[in-house]
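*Asks:* Structure provided below as structure tokens; questions to follow.
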Amino acid sequence: MALHPDFPDSPHAILDPSIRWFPADEALRETSMEKLMPPLVAALRQKVKEFRDGGYVGASDTSKGLLNWWFKTPHLIPQPDGAMTEFQYFFAQRESLETIIYLYDVVGVNDKFDLMRFDSSGAVSASMFDETWRRFVIKMATGAGKTKVLSLALAWSFFHKLYEPDSELARNFLVIAPNIIVLDRIHHDFQGLRIFFEDPVLPDNGFDGHNWRDDFQLTLHLQDEVRITHPTGNIFLTNIHRVYAGEDISSSPDDDSMDYFLGARPTGATTDSKVDLGMIVRDIDELMVLNDEAHHIHDARLAWFKSIEDIHNRLLQKGAALSLQVDVTATPKHINGAIFVQTVADYPLVEAISQNVVKHPVLPDPPSRAKLSERQSAKYTEKYGDYIDLGVIEWRKAYAEHEKIGKKSILFIMTDDTLNCDDVAEYLEGHYPDLKDAVLVIHTKANGEISEAASGKAKEELELLRQQANDIDDPASPYKAIVSVMMLKEGWDVRNVTTIVGLRAYSAKSNILPEQTLGRGLRKMYPGGIEEYVSVVGTDAFMEFVESIQAEGVELERKAMGEGTKPKTPLVVEIDNENEKKDIDALDIEIPVMTPRIYREYKNIADLDVSTFGHQRVLYLTFSEEEQRKIVFKDITTGEVTHTTILDTAGIADYRSVLGYFTQTVMKDLRLVSGYDVLYGKVKAFVRSDLFDREVELDSPNTLRNLSELVATKTLIENFKKAINALTVKDKGDAEIRDTIKLRQTRPFVTKDQAYLVPKKSVFNRIIGDSHLELVFAGFLDSCADVVSYAKNYFAVNFKLDYVNADGNISNYYPDFLVKLADKRIVIVETKGLEDLDVPLKMERLRQWCEDINRVQSDVTYDFVYVDEENFETYKSTSFVQLMGGFLEYKDS
């Protein structure tokens with residue numbers, strides 16, 4: 001049941017439907033298919049792929065503009081240090097929005113019968129759909145960014161209703177959270193419309209002819225603070241348990257679990273803090289419902305479903321309707337385990353783990369489990385002492401590693417009732433000194449929801465408990481462990497749980513799923529694609545329950561656990577201060593930081609003269625009317641369809657969007673963050689007068705069809721990039737020392753678990769190699785008698801040189817090694833397997849840097865050497881000086 005061998009590592013990569021996870025076990029497909037695969041998703045993935053590859057043909061102009069902005073336009077986000085980093089949505093987020101838009105704009109889905117057309121199982125019937133309005137469910141693994149999907153869906157609906165004359169969508173939104181913890185998180189993201197402006201949700205004013213940011217006028221109403229002052233432009237953010245319709249609703253099976261954290265479900269009109277949906281619907285005519293962690297809306301008998309149904313019915317009475325309901329959840333499953341038939345997009349846990357979006361669950365191997373046993377004792381902590389002790393051992397190992405990075409690992413222990421919960425907490429604090437006064441107890445009901453009754457706390461104390469639970473990741477929090485009857489089922493988005501200990505089994509009655517059990521430990525501690533792990537320990541019954549998730553393709557790694565075993569954590573690279581055999585002062589290397597020589601003069605773009613490009617003009621061809629109807633643009637290097645223009649029924653082409661596409665492509669490739677208006681004008685003039693062998697009419701469909709020819713696209717983009725680089729990239733001609741890098745001041749960092757060398761002559765505890773050559777070369781340096789010290793130039797060291805790459809762009813170059821010799825010499829080493837076009841340019845820049853630094857100071861002599869793999873393996877040097885004498889490439893300019 002492993003993933004396809006071609007399944008990509010990056011969560012940003014576009015996933016072809018043919019490589020998505022699918023249950024390979026035929027027996028499982030026959031007996032449990034409805035629990036493993038949403039029945040509509042297989043067909044929809046293929047249709048949405050065609051929709052994407054075709055440039056979103058059939059989507060409204062507003063939808064197409066937003067999709068192109070979100071997923072095809074570069075987004076450079078400024079960082080606190082002044083650097084710019086590129087923001088990119090995960091493919092799972094992209095596919096979710098593409099699917100919603102495809103179903104609404106292209107298919108025109110109005111109800112369940114329209115959705116049933118995509119059933120691949122043959123088992124879906126109309127009776128499986130309880131609602132009579134549009135409802136799309138998005139299944140996304142915990143930690144994959146469901147809130148971002150909600151923000152994109154909300155913005156799309158708002159602009160679609162605003163800009164499309166016949167839109168049936170809405171500019172009012174009821175955003176429903178399952179509990180107060182999730183509500184806090186969404187409120188943090190939505191307050192001040194933060195997520196819409198910090199993420200690239202809103203296009204720039206002027207993009208595709210709209211003032212998106214100016215037009216995005218919304219007011220956030222939180223819970224009982226609802227004050228409708230405008231008929232449109234409202235976000236009503238509420239906890240599901242405060243939603244009511246002003247009339248009695250039949251009892252819910254979940255009633256006995258409602259408490260402070262979840263709020264008591266009202267059964268009639270009240271005067272306290274509740275959201276009166278009747279009042280909302282009275283004053284507005286359009287509404288979209290967005291449900292976070294939406295598996296709560298799983299039964300037509302439940303109050304929550306009844307409340308949404310009542311909204312729809314009240315809108316129908318006014319001649320309107322609920323425009324759309326979008327649910328996002330990791331586990332859209334009924335009590336019997338069947339996936340909601342309304343599920344239209346699926347990013348399963350197996351794929352999220354593979355792409356390192358979440359942590360990898362790790363279980364004890366059989367020998368480690370064999371050492372564990374339940375003792376014959378009436379006392380809970382004596383009975384399960386082996387499991388608790390193993391959990392603490394694993395947690396301590398993880399704690400020691402993550403502490404080096406300034407992170408705190410959290411231990412999570414689940415028990416079977418509140419009395420035993422207290423027993424475990426007392427045991428932890430009494431037996432382990434590092435957990436004294438560091439255990440947070442959270443009493444919950446059997447279904448994982450926080451219980452006010454069990455703890456007997458006053459409301460103020462419960463507020464404090466909620467705050468303590470939310471802040472536990474913070475190093476300032478005193479808590480290192482949580483003991484609970486069950487993990488909070490959803491929304492508790494702490495990232496630092498590294499060890500889970502389960503001392504209870506689960507029954508179907510508890511309505512708990514394996515992914516929910518693991519879910520609170522799945523969120524990652526560190527950004528990027530580094531592999532992280534959550535260790536899972538527990539009784540045989542608990543482990544059997546956790547292992548049932550393997551039916552969904554999740555591969556559970558097993559490793560030796562207990563005293564004397566290595567921690568299962570990312571590798572920590574740090575200064576080796578604890579190594580008594582090392583003199584860190586003597587091993588330290590200082591590298592001067594020079595002011596940049598290379599810079600871009602953005603203001604020069606206005607001086608660009610498109611008539612002087614000197615290119616070979618492109619032959620202007622004549623195309624038939626049919627050939628002119630669909631105009632497809634492809635990436636000049638990958639061949640991927642990047643833009644499609646469809647002529648309207650009058651045959652009128654919009655050349656502005658095509659010229660905008662070219663302008664945005666050039667800006668993305670050159671990482672230009674400003675100057676769109678100036679560059680657009682230059683592109684327009686070039687196409688009209690200089691690109692082809694004659695002057696052309698921009699409004700002509702034939703001109704647009706010519707522009708889509710690869711030779712025209714390539715000529716335009718490459719000549720603009722070349723000319724802009726020549727005009728704007730400048731070399732100051734000199735540089736000064738502005739700072740110094742001291743290796744011993746490098747902050748610890750984590751990297752993926754991989755081969756490494758434990759060095760004797762480096763300030764670092766590990767030398768990680770990006771290639772086999774680097775590891776072999778590090779071993780050589782460690783053995784050289786004439787090498788005082790050396791270091792891998794990690795990104796955390798931040799020694800980089802600006803240079804002009806083979807495309808003419810400004811880029812950064814990070815040399816591979818730093819080597820200190822006895823005679824006050826420091827040598828910068830570049831190692832290479834296969835040489836690429838940028839190597840000569842990097843080496844010329846490195847030679848120039850050495851000249852600059854030696855000119856402005858004389859305390860230390862800086863030199864460089866280029867070591868290629870073939871000659872390094874052929875000519876076995878016995879000292880570093882000998883290697884310097886034999887490797888002279890790029891030394892003479």
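*Asks:* Determine the alpha carbon to alpha carbon distance for each of 64/721; 566/832; 72/721; 559/832; 524/800; 397/742 and list only those over 24 Å.
*Replies:* Check vs 24 Å cut-off fails for 64/721; 566/832; 559/832; 524/800; 397/742.
*Asks:* Take the Cα atoms of region 286-420, find their three principal axes, and give me the spread along each one in whole Å, biggest first.
*Replies:* 67, 40, 28
*Asks:* Could I ask something else about it? Where q = 0.12, 0.23 Å⁻¹, what log10 of I(q)/I(0) comes from the Debye formula for region 539-596, counting one point per Cα?
*Replies:* Those come out to -0.64, -1.11, one per q.
*Asks:* A follow-up question, please. Pull up all non-local amide H partners of residue 532: gap of 5 or more, or a different chain, and H-to-H distance under 5 Å with H placed in the peptide plane.
*Replies:* HN-HN under 5 Å from residue 532: 360.
*Asks:* Once amide H atoms are placed 1.01 Å from N in the peptide plane, what residues at a sequence separation of 5 or more from residue 497, or on another chain, have their amide H within under 5 Å of its amide H?
*Replies:* Those lying under 5 Å, H to H, from residue 497 are 410.
*Asks:* Which residues' amide hydrogens lie under 5 Å from the amide hydrogen of residue 789, considering only partners 5 or more residues apart or on another chain, with H built in the peptide plane?
*Replies:* Amide H neighbours of residue 789, under 5 Å, 5+ apart: 820.
*Asks:* Above 13 Å lies some portion of the pair distances; for region 123-191, what is it as a whole percent of all C-alpha pairs?
*Replies:* Above the 13 Å cut-off, region 123-191 has 75 percent of its Cα pairs.
*Asks:* Taking the Cβ-Cβ separation of residue 807 and residue 551 as r and a Förster radius of 35 Å, what is the calculated FRET efficiency to the nearest 0.05?
*Replies:* 0.15
*Asks:* Let me ask something else about it. Please list 3J(HN,Hα) in residue order for region 351-365, calculated via the Karplus relation 6.51 cos²θ - 1.76 cosθ + 1.60 where θ = phi - 60°; whole Hz, with x for glycine and proline.
*Replies:* Taking θ as phi minus 60°, the curve returns 6, 5, 5, 4, 8, 6, 6, 10, 6, 8, x, 10, 10, x, 6 Hz for region 351-365.
*Asks:* Highest mean first, how do 197-204, 58-65 rank when packing is the count of other Cβ atoms within 10 Å averaged over residues?
*Replies:* Highest-to-lowest ranking by the protection proxy: 58-65, 197-204.
*Asks:* If you plug each phi of region 747-756 into the Karplus form 6.51 cos²θ - 1.76 cosθ + 1.60 with θ = phi - 60°, what whole-Hz ³J(HN,Hα) values come out, in order, with x for Gly and Pro?
*Replies:* Karplus-based 3J(HN,Hα) across region 747-756 equals 6, x, 8, 10, 9, 5, 5, 7, 5, 8 Hz.
*Asks:* Determine the equivalent ellipsoid of region 810-893 by diagonalising the alpha-carbon gyration tensor, then write out the semi-axes as square roots of 5 times the eigenvalues, largest first, rounded to whole Å. Please list the in-between numbers first.
*Replies:* Details: eigenvalues 83, 67, 19 Å².
Over the Cα atoms of region 810-893, the ellipsoid semi-axes are 20, 18, 10 Å.
*Asks:* Aspartates and glutamates within cross-link reach of residue 682: Cα-Cα under 13 Å, excluding same-chain residues under 8 positions apart?
*Replies:* Counting by Cα, and skipping residues close in sequence, residue 682 has these aspartates and glutamates nearby: 607, 609, 690.
*Asks:* Additional query: Residue by residue through region 474-484, which ³J(HN,Hα) values in whole Hz follow from phi under the Karplus form 6.51 cos²θ - 1.76 cosθ + 1.60 (θ = phi - 60°), with glycine and proline marked x?
*Replies:* Couplings: 4, x, 6, 5, x, 8, 10, 9, 10, 10, 8 Hz.
Each reported figure results from applying straightforward, stated rules to the coordinates on display, with no laboratory input. If you're wondering where the values come from, they're calculated on a predicted model, not measured in any experiment. Every residue, glycine as well, gets a Cβ built from its backbone with ideal geometry; the counts of neighbours run over all protein chains shown.
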